[in-house]
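**Student:** Starting off with a structure, shown below.
The values are calculated or read from the model by the stated rules, or taken from the named source; none is laboratory data. Please read all numbers here as calculations on a predicted model, not as lab measurements. Here the Cβ is made from the backbone with ideal geometry for all residues, glycine too, and neighbour counts use every protein chain on show. Just the protein is used for accessible areas: all its heavy atoms, side chains included, with ligands, DNA and RNA removed. Shrake-Rupley method; radii C 1.70, N 1.55, O 1.52, S 1.80 Å.
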Amino acid sequence: APGTEKYPAWFARMEKQLTQLAGEIHLELKAERQVKNVCVLAASTGGPAAVKTFIDSLSAGLDVAFVYVQHIDRDFDKTLINMMSRDSHYPAYVASHGAVLRRGHLALVTPNDVVKVLDNGTFCQSADTVWPGAFSPSIDQVIANLSQIYGSRAGAIVFTGMGEDGLLGCRLLKQQGGYVWAQTPESCVSESMPEAVLAAELVTIAAAPEQLAKHLNAHLA
């Protein structure tokens, strides 16, 4: 009953189950299947231009769902959605509560929605009201979350950006058998983020955005 000691835990379990069910219904209505492969695109300073170049250089129809985690100001998400979707094979949408990972699409994680991905690929609002750590959204948290669910079927590409957000998540991703790639520092506006994962020897492929796209085309083929 409400007010009892066990009620909060019961309510949290029930809410998670209902969110998963809503995601499964969404997939059925859209006649979509749960995604097989997931790739996190992580970026900060200079990221939108680099990620857009990467997306535009990909072949159409790749069997992958992209999750784009970009350090941005609040309310910039609509502009970024429009930018990424323009003339793209991979239309973008906001990774909001109840949405699902979609093959051939790019889910944008925003500072406004602290979300995590459930086992069936549904985005669920986190109990936290703000992203943990110094960066919003948290690249580390998103990569860690997806690596635990998708393991070797998950990957992360670290693009231009300041700081080291993503380093801890990429360590966990490698332990789970996933791949970590990075933009070459010389092609970045700010090289701190890719340099952090390169220095930790987590990266198997480092290249400019256009070349990273070609590598992903081959990897998924």
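**Student:** Just the number, please: carbon plus sulfur as a percent of the accessible area of the range 1-129, 1.4 Å probe, no ligands or DNA/RNA counted.
**Tutor:** Here carbon and sulfur together make up 52 percent of the probe-accessible area.
**Student:** Please turn the phi angles of the range 152-169 into ³J(HN,Hα) values with the Karplus equation 6.51 cos²θ - 1.76 cosθ + 1.60 (θ = phi - 60°), one per residue in order, whole Hz, x for glycine and proline.
**Tutor:** So the J values, rounded to whole Hz, are 5, 8, 10, x, 9, 10, 9, 9, 3, x, 8, x, 10, 4, x, 4, 5, x.
**Student:** Can you list the trypsin sites (Lys or Arg not before Pro) in the range 57-159 that are in a DSSP coil and have 16 or fewer other beta carbons within 10 angstrom?
**Tutor:** Loop-located and lightly packed - 74, 86.
**Student:** Please work out the average accessible area per residue across the range 84-170, using the 1.4 Å probe convention, and give it in Å².
**Tutor:** Details: 3210 Å² over 87 residues.
Counting only protein heavy atoms, the per-residue value for the range 84-170 is 37 Å².
**Student:** Counting only protein heavy atoms and a 1.4 Å probe, tell me what percentage of the range 140-221's accessible area is made up of carbon and sulfur. Mind dumping the intermediate values first?
**Tutor:** Numbers: 1660 of 3470 Å².
Carbon and sulfur together cover 48 percent of it.
**Student:** How large is ³J(HN,Hα), in whole Hz, for each residue of the range 108-118 in order, when computed from phi with the Karplus curve 6.51 cos²θ - 1.76 cosθ + 1.60 and θ = phi - 60°, using x for Gly and Pro?
**Tutor:** Rounded to whole hertz, the list is 8, 8, 10, x, 7, 10, 7, 10, 9, 9, 8.
**Student:** For n ≥ 4 DSSP H runs only, could you compute -39500 (n - 2.57) per run for the chain, divide by its residues and tell me the 222 nm figure to the nearest 500?
**Tutor:** So the helix-based figure for the chain works out to -11500 deg cm²/dmol.
**Student:** Something else now. Once the dipole of the range 102-221 is set up with Lys and Arg at +1 and Asp and Glu at -1 on Cβ about the Cα centre, which of 188, 161, 108 lies farthest towards its positive end?
**Tutor:** Value computed over the given set: 108.
**Student:** Under 21 Å between alpha carbons, and skipping anything fewer than 8 positions from residue 174 in its own chain: which lysines qualify?
**Tutor:** 36, 116
**Student:** Follow-up. Given +1 on the Cβ of Lys and Arg, -1 on the Cβ of Asp and Glu, and no further charges, what dipole in debye does the range 84-221 carry about its Cα centre, rounded to the nearest 20? Walk me through the numbers before you get to the answer.
**Tutor:** Details: 8 positive and 12 negative charges, 110 e Å.
Dipole size: approximately 540 debye.
**Student:** Still on this structure: Go through the range 142-221 and name the GluC sites (Glu not before Pro) that are in a DSSP coil and have 14 or fewer other Cβ atoms within 10 Å of their Cβ. Mind showing how you got there, number by number?
**Tutor:** Details: sites: 164, 186, 191, 195, 201, 210; in loops: 164, 191, 201.
Sites meeting the loop and neighbour criteria: 201.
**Student:** In terms of modelled amide H atoms, which long-range or inter-chain residues lie less than 5 Å from the amide H of residue 92?
**Tutor:** It is 85, 106, by chain and number.
**Student:** 5 Å is the cut-off here: which amide hydrogens, built 1.01 Å from N in the peptide plane, fall below it relative to residue 205, excluding neighbours closer than 5 in sequence?
**Tutor:** Long-range HN contacts for residue 205: 182.
**Student:** Right, here's the next one. Hey, what's the Cα Rg ratio for the range 1-154 versus the globular rule of thumb, 2.2 N^0.38 Å? Provide the component values of the computation, followed by the final result.
**Tutor:** Values: Rg = 16.1 Å, N = 154, 2.2 N^0.38 = 14.9 Å.
Here the answer is 1.08, to two decimals.
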